[in-house]
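Inspection log for the structure reproduced underneath, given as structure tokens.
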Amino acid sequence: MAKDYYGILGVSKDATQDQIKRAYRKLARELHPDVNKEDGAQERFREVSTAYEVLSDPQKRQMVDLGGDPMDSGGGGAGGRAGGDPFAGFGGLGDIMDAFFGGGSGGGAGRGPRSRVQQGSDALLRLELTLEDCAQGVNRDVTVDTAVVCDTCQGGGSSAGTAPSTCDTCEGRGEIQSVQRSFLGQVMTSRPCPVCRGLGEVITDPCQQCSGDGRVRSRRTITVKIPGGVGDGMRVRLAGEGEVGPGGGPAGDLFVEVEELPHERFVRDGADLHCDVQVPMTAAALGTVVNIETLDDQEELTVEPGTQAGTEYVLSGQGLPKLRSNGRISGHGDLHVHLDVVVPTKLDDTQADLLRQLASERDEEQPEPTVSANGNGHRSGIFSRFRGFGHR
């Protein structure tokens, strides 16, 4: 029976990717082994991580919605990879065809036992990085908790000096056949042997370290090289660093997903950066030079006299590296500086008179105060909005 991955994360089946991601982050913070020492928390953390791995992958999520389990090694392909036999829960597509056309008859000429050694599944790890880390690239040590080959039986699953024996139920074929009567006549079907689970052999004396699985859980530290130019949601693949498969099979890959932290000054748009710079109203009118802090250094920006609010300056090549799909850097993005002209909110009488004098010199019309319709002597809202800047 397929696991309820939606229920594990506590989300509905029509949840968006953002909702799934938020639910996972909340549970991961609560259940992480470094934080939660309660019994069962570590196993619950693994379940939550597996559920997010499945539901964040469109192909695996589609298989779940169809009633399958992509992480079931017996029903979702080797090591839980998506894209396995979607009819595995019904004994396989071959068994359905056998039911109608009598395949598998003829003295046990079926598909044969499957291998105990299977490909391991991929693992996913998330790594928080600052904008500076994403721009420069870093080497970071991370701790991963994955299945590794059992060092006692070296993946064989049997105790020292013993070996698996042929299954007595299926006689090593890995499947059993049965004949049923239907409206089509006699129908022969084949299904995996329930004793050996389709392997054709059983471990009579399993390894005490791994209980016959050929692998054990282990926490280890590896160094991840993050290239410059990565961004939020990008994944770095470490081949062969994922889960070791059943029977000591080849390990899957480890994917390190970048979670970029917000920056106090810059907003990122791909390889480009955006920032706001404030200048006084007088500086914008008269012109000035502003020092702009970039990711690496400082740049002088000349503000021409009469510059208006919202003016955008582009500093070429002061953005982030442009990371291509092959891992190479192809130039840099730009830094977009957006000018914000600061209008004073409080003026004393002298400053207000100076502004009025300037307005008069520039022939700027100064409307007189008006009285509201109810005769209360208050200034109208239009007048307040027009001249209020000098009396706040």
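Okay, here's what the table says:
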| quantity | calculated |
| --- | --- |
| Subset of region 127-149 (residues that are closer than 16 Å to residue 234 by Cβ, in a strand (DSSP E or B) and not hydrophobic (A, V, I, L, M, F, W, C)) | 128, 140 |
| Region 205-219, residues that are polar (S, T, N, Q) and within 13 Å of residue 154 (Cβ to Cβ) | 209 |
| Residue under evaluation residue 169, criteria (1) over 30 Å from residue 268 (Cβ atoms); (2) touching a Gly at 6+ places or on another chain (Cβ under 6 Å); (3) not hydrophobic (A, V, I, L, M, F, W, C), criterion not met | (2) |
| Qualifying strands (runs of 3 or more DSSP E) (wholly inside region 181-276; at least 3 residues being open to solvent by 50 Å² or more (accessible area, probe 1.4 Å)) | 185-192, 215-226, 267-269 |
| Qualifying residues in region 300-318 (those that are open to solvent by 40 Å² or more (accessible area, probe 1.4 Å) and hydrophobic (A, V, I, L, M, F, W, C)) - the one modelled with the lowest pLDDT | 309 |
| Region 319-364: number of residues that are surrounded by 13 or more Cβ atoms within 10 Å (Cβ to Cβ) and in a loop (DSSP other than H, G, I, E, B) | 6 |
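The values are calculated or read from the model by the stated rules, or taken from the named source; none is laboratory data. Bear in mind the structure is a predicted one, so any value in this text is a computation, not a measurement. Glycine also receives a Cβ, built like all others from the backbone with ideal geometry; neighbour counts cover every protein chain displayed. Just so you know, the surface numbers come from the protein's heavy atoms only, side chains and all, with ligands and any DNA or RNA stripped out. Shrake-Rupley method; radii C 1.70, N 1.55, O 1.52, S 1.80 Å.
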